[in-house]
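What follows is a set of notes on a single structure, which appears directly below.
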Number of protein chains: 2
Amino acid sequence: MNKNQQNLLSKIATGNGHGENSPYFDGWKAFEDNPFHPTDNPHGVIQMGLAENQLSFDLVEEWLKKNPEASICTPEGVNDFRDIAIFQDYHGLTKFRNAVANFMEKVRGNRVRFDPDRIVMSGGATGAHEMTVFCLADPGDAFLVPTPYYPGFDRDLRWRTGAQLVPVVCERSNDFKVTREALEAAYKSAQEANIRVKGLLITNPSNPLGTILDRDTLRMVVSFINEKSIHLVCDEIYAATVFAQPGFISIAEIIQEKEIECNHDLIHIVYSLSKDLGFPGFRVGIVYSYNDAVVSCCRKMSSFGLVSSQTQHLIASMLSDDEFVNKFIKGSADRLATRHKVFTTGLAKVGISCLQSNAGLFVWMDLHHLLKEQTFEAEMELWQVIINKVKLNVSPGSSFHCSAPGWFRVCFANMDDQTMNVALTRIESFVIQNNETSTTVPMKRQYWQKPQRLSFKSRRMDDIMMAQCLMSPHSPLPQSPLVRARN
Amino acid sequence: MNKNQQNLLSKIATGNGHGENSPYFDGWKAFEDNPFHPTDNPHGVIQMGLAENQLSFDLVEEWLKKNPEASICTPEGVNDFRDIAIFQDYHGLTKFRNAVANFMEKVRGNRVRFDPDRIVMSGGATGAHEMTVFCLADPGDAFLVPTPYYPGFDRDLRWRTGAQLVPVVCERSNDFKVTREALEAAYKSAQEANIRVKGLLITNPSNPLGTILDRDTLRMVVSFINEKSIHLVCDEIYAATVFAQPGFISIAEIIQEKEIECNHDLIHIVYSLSKDLGFPGFRVGIVYSYNDAVVSCCRKMSSFGLVSSQTQHLIASMLSDDEFVNKFIKGSADRLATRHKVFTTGLAKVGISCLQSNAGLFVWMDLHHLLKEQTFEAEMELWQVIINKVKLNVSPGSSFHCSAPGWFRVCFANMDDQTMNVALTRIESFVIQNNETSTTVPMKRQYWQKPQRLSFKSRRMDDIMMAQCLMSPHSPLPQSPLVRARN
């Protein structure tokens, strides 16, 4: 961009706050340039960087066929068209809010109640996070975020709000658990840097770990934020992807415990239908706040990203059908469990372990033993081999601000069984070949000792963890897929 | 809000930048409290504050019945469901961008071409305006906006961006035309106040005037912004509501004229399907920029307010059908022309004139002769009578920052013929009664000499024109309808 353009545009437009100059998105580009297809392009890149749930669409399609009136474009439903198309209140259709509250309750085992009047619409979880930050923080204020965390937060929470993120460093030695010590350390480091901490953001189930927070951890988190009088934003967008015991515990359940002291004005849940139902295209994001002023303000802000009334109508019809909801929640969990087992068993066969998990649409794969040295530079080199030679788009841990090198997030629910098997076969071949070359043909190792097609700059952990503008200048992606990367 | 809450929340959340403390929205509340219904509530308030196009839904419904495959919820279309639901790229469906470009061209008489790759999605025009400002202006920077202008701009352009609006005062004596002198005066006043002007925002057709900008004015505007090297944002969301000669001229047409010198990087169009097609609930907003960097940045920002892929699919199917599009554009204009004529003729019968117009979903009604004095306080008093006694929710000119008292915006396309006739009858009765009381029973005039149910603070024109936070503190609306008020 030339200087004249820079003067014409805003600092936001001319800066890198969009966060797309990252290996996380370079992987997307590699996929888009050469996407796998079982017959047309069997040697293409398989997309394992997309946390999308494609395993249960048949359940939805079955429901749709039985309920044509849910569409406003059929003879059965067209009479509703004008009422739906004109409707534009930012409270949303009452039946939509009721149905979403109903779904959220069922996903949480009916152990909590959600008030439909606290359901605020947003443009996906992306918009929900930004709205929440706009309401809670002034420019320069910060949120604590345990690492590793979803790379999109660096954009969603900071770009237009001017807020900062302070990493809470979670350790490999502790299975990346959120501890009181880590929270206190991050809080203290912010104070020392004269940064005002306004809140803590957690993802439960965790993205990228696929783990859930246990009751004691959640109680500790509530106690921490209540003592500091800072907000707690719980991103629970993977709540219905929990497919094995122990079950999911929502923050909503914790704060209703008798023994828990907590100012409810500090508690906010971000939800979405993108992961649990697999409808990311529909852009159904939700802010559920226990703070009346936040509900009121978010509702006004939601006008910048309301859910299409056509989609509200469909979702309202679908999610108010209890029989369908029960069947879907159970069926989806079963399928995720099966897929997870097939995938992790396949990895284990060639000596690859993953962090033990029971949720999410991904696993947190440990390849640190394949690094030539325990650095993030070596992680990047290995990642390039995986992208360029093995042709799998997995996401390197450094892009999630992980404190230890050698971890990769691998999505397993956005493809059919056949593609999954191809991916597993490729990983197996790679590991076997790598073992062979390591032991018998050392010359061949050079193929992953220097960067391949994709270019990037190596960076120190400190840079990654603390940089306000995450990545160094990098050629922008012409067809950048950031939005699909909400995962 | 107590002090503790204020400390917990952001300045944005605790301020009044949402702009809802305004008589414009008080009128909405009066309607919502007591909405007219022909049989259930025949003495209720008729909503004439909503610029919604409900006159041509039968054309849309006819198309829908013939095209069930446009729905992804029918036996004909359900096979597309999974492909649509998962799709989430922020470029949008290619067929959607092509169809929108096609529609925009047809609305503009096929005299210009729109490049589908410059079509960026947003959450309605609301989101489109905010995105544009985020890209073009830093906090404190300003946009010039000719008055009278749509009250929502005070929120959409300023609230979260921190940008300012500087009114360009257009005069009644000149039929509120935008002149070079008025632009220069506004620009100069901003400079004197050390405010950096980054752009000019015009609505064409004008909301609230219902007039279109002629070729000479558009050329002058382009020349002005080019000389100052500031941006021009053209809000053309009413482009297809032009129902009489002279025809609409888009800014796109002007800048392709050979004799026009203009840096195209300065030109941006905001569009929407909310007014022209009557689908405000679908939240289809568009930024069309001639500046590559703005297209790129807006596209990234659009992730906060993407159009539901379900709606993209429907719109793509509908607007790529040339036969339908041609029929709709012609049919809708014919119906608007008829409605406009019936309404203005009815008003003329009782001596009420409107600014001569040929576009929009409203008229700019002149009641200055009914004011007891030519002040905005008197305008408010008259408005209260209209709301509370005549029971019509029309919008006072002061809420549009009009420079002269006594004008009201009255929407005429959001109701059926029967309701329209009731509204006309009420206006006629009111004027006749008013004339009688003025001449024969002066005592009765007192009923509109003091404020009735709704409370407000009178304010000086200077306050209205220059206040950064538009309105004085005022009890917030519990069920505030701001979003519906995009009109």
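The values are calculated or read from the model by the stated rules, or taken from the named source; none is laboratory data. Owing to the predicted nature of the structure, the values given are computational and were not obtained by experimental measurement. Note that each Cβ is placed from the backbone with ideal geometry, even for glycine, and that neighbours are counted across all protein chains shown. Heavy atoms of the whole protein, side chains included, go into the accessibility calculation; ligands, DNA and RNA do not. Shrake-Rupley method; radii C 1.70, N 1.55, O 1.52, S 1.80 Å.
Expressed per residue, the C-alpha convex hull volume of the stretch B:150-256 stands at 115 Å³.
Averaged over the residues of peptide B:274-284, the number of Cβ atoms from other protein chains lying within 10 Å of each residue's Cβ is 6. A straight Cα-to-Cα reach below 29 Å connects A:Lys11 with the lysines A:Lys3, A:Lys29, A:Lys198, A:Lys300, A:Lys457, B:Lys11, B:Lys188, B:Lys198, B:Lys228, B:Lys300, residues fewer than 8 places away in its own chain not being considered. Starting from the label point of A:His368 at 7 Å along Cα→Cβ, the same points in the other copies fall at 7.8 nm, in ascending order.
One compactness figure for the stretch B:168-321 is 1.13, namely its Cα radius of gyration divided by 2.2 N^0.38 Å. Largest first, the extents of the alpha carbon coordinates of the stretch A:213-288 on the three principal axes equal 39, 27, 17 Å.
Each Cα pair under 8 Å and six or more residues apart adds its separation to the average, and for the stretch B:288-424 the resulting relative contact order is 20 percent.
From the Kirkwood radius over Cα pairs of the protein assembly as shown, Stokes-Einstein at 37 °C and 0.692 mPa s returns a whole-number translational diffusion coefficient of 112 µm²/s.
Taking each DSSP H run with n ≥ 4 as -39500 (n - 2.57) and averaging over every residue of chain B yields -11500 deg cm²/dmol at 222 nm.
When A:Asn7 is represented by a point 7 angstrom out along its Cα-to-C-beta vector, the spacings to that point in the other copies are 4.6 nm, nearest first. Stokes-Einstein diffusion for the stretch B:367-431 at 20 °C, viscosity 1.002 mPa s, with a Kirkwood radius from C-alpha pairs, works out to 174 µm²/s. Each residue of the stretch B:35-46 was assigned a 3J(HN,Hα) from its phi angle through the Karplus expression (A = 6.51, B = -1.76, C = 1.60, θ = phi - 60°), giving x, 4, 9, x, 10, 6, 8, x, 9, x, 7, 8 Hz with x at Gly and Pro.
Considering only A:Thr147, A:Val166, A:Gln191, and ranking their Cα positions along the charge dipole of the stretch A:112-192 that arises from unit charges at the beta-carbon of Lys, Arg, Asp and Glu, the one farthest toward the positive end is A:Thr147.
For A:Lys372, the aspartates and glutamates whose Cα falls under 13 Å of its own Cα, not counting residues fewer than eight places away in the same chain, are A:Glu381. Taken over the stretch A:250-379, the convex hull of the Cα atoms encloses 209 Å³ per residue. Averaging the sequence gap over all C-alpha pairs within less than 8 Å and six or more residues apart, then dividing by the number of residues, gives chain B a relative contact order of 25 percent. Dipole check for the stretch A:265-414: with +1 at the C-beta of Lys and Arg, -1 at the C-beta of Asp and Glu, and the Cα centre as origin, the magnitude is about 440 Debye. Only beta bridges with both residues in the stretch B:148-296 are counted; by DSSP, about 35 percent of them are antiparallel. Classified by the C-alpha gyration tensor, the stretch A:1-75 has an oblate form. Its axis ratio a/c, with a ≥ b ≥ c, is 1.5 or above, and a/b does not exceed b/c.
Remark: label point of A:Thr179 defined 7 Å out from Cα along the Cα-Cβ vector; separations to the same position in other copies 7.5 nm, ascending. Here each label is just a point 7 Å from Cα along the line to Cβ, and for A:Glu259 and A:Ala337 those points are 3.0 nm apart. Taking θ as phi - 60° and the Karplus parameters 6.51, -1.76 and 1.60, the scalar couplings of the stretch B:244-257 work out to 7, 5, x, x, 6, 10, 7, 4, 4, 6, 5, 6, 8, 5 Hz in sequence order, x denoting glycine and proline.
According to the Kirkwood relation over distinct C-alpha pairs, the hydrodynamic radius of chain A is 23.4 Å.
Amide H contacts under 5 Å for B:Ser272: B:Ile286, restricted to partners 5 or more places along the chain or on a different chain, H placed in the peptide plane at 1.01 Å from N.
Look at the stretch A:11-24: the mean tally of other chain Cβ atoms within 10 Å of its residues' Cβ atoms is 3. Averaging Cα coordinates gives a centre for the stretch A:241-306 and one for the stretch A:96-141; these two points are 4 Å apart. What is the stretch B:174-308's relative contact order, in percent, from Cα pairs under 8 angstrom and six or more apart in sequence? Taking the mean separation of contacting Cα pairs over the length of the stretch B:174-308, I get 19 percent. Per residue, the convex hull spanned by the alpha carbons of the stretch A:1-159 comes to 254 Å³. Look at the dipole of the protein assembly as shown built from charges on Cβ: of A:Phe282, A:Ala99, A:Gly210, the Cα furthest out on the positive end belongs to A:Gly210. Per-residue 3J(HN,Hα) values for the stretch B:217-228, derived from phi via the Karplus relation 6.51 cos²θ - 1.76 cosθ + 1.60 with θ = phi - 60°, read 5, 4, 4, 4, 4, 5, 4, 4, 5, 5, 4, 7 Hz in sequence order (x marks Gly and Pro). Beta bridges per DSSP, both residues in the protein assembly as shown: antiparallel share near 50 percent. Listed peptides B:287-293, B:155-161 appear in the order B:155-161, B:287-293 once ranked by packing, highest mean of other Cβ atoms within 10 Å at the front. Counted over the stretch B:93-161 with a bin width of 10 Å, the fraction of Cα pairs per bin, in whole percents, is 18, 37, 33, 12.
Ratio of Rg to Rh for the stretch B:265-342: 1.05 [Cα atoms; Kirkwood radius as inverse mean 1/r over pairs]. Take the accessible area of A alone and of B alone, subtract that of the pair with a 1.4 Å probe, and the total buried over both chains is about 7700 Å². The mean number of Cβ atoms from other chains found within 10 Å of a Cβ in peptide B:77-84 is 4, as a whole number.
Viscosity 1.306 mPa s, temperature 10 °C: give me the Stokes-Einstein translational D for the stretch A:80-238 in µm²/s, with Rh taken as the Kirkwood radius over C-alpha pairs. The Stokes-Einstein estimate is 92 µm²/s. Where both residues lie in chain B, what percent of DSSP beta bridges are antiparallel, nearest 5? Around 50 percent antiparallel, to the nearest 5. What percent of all Cα-Cα pairs in the stretch A:312-411 falls into each 5 Å bin, going from 0 up to the bin containing the maximum distance? Bins of 5 Å from zero give 2, 12, 17, 19, 14, 10, 8, 8, 6, 4, 1 percent of pairs.
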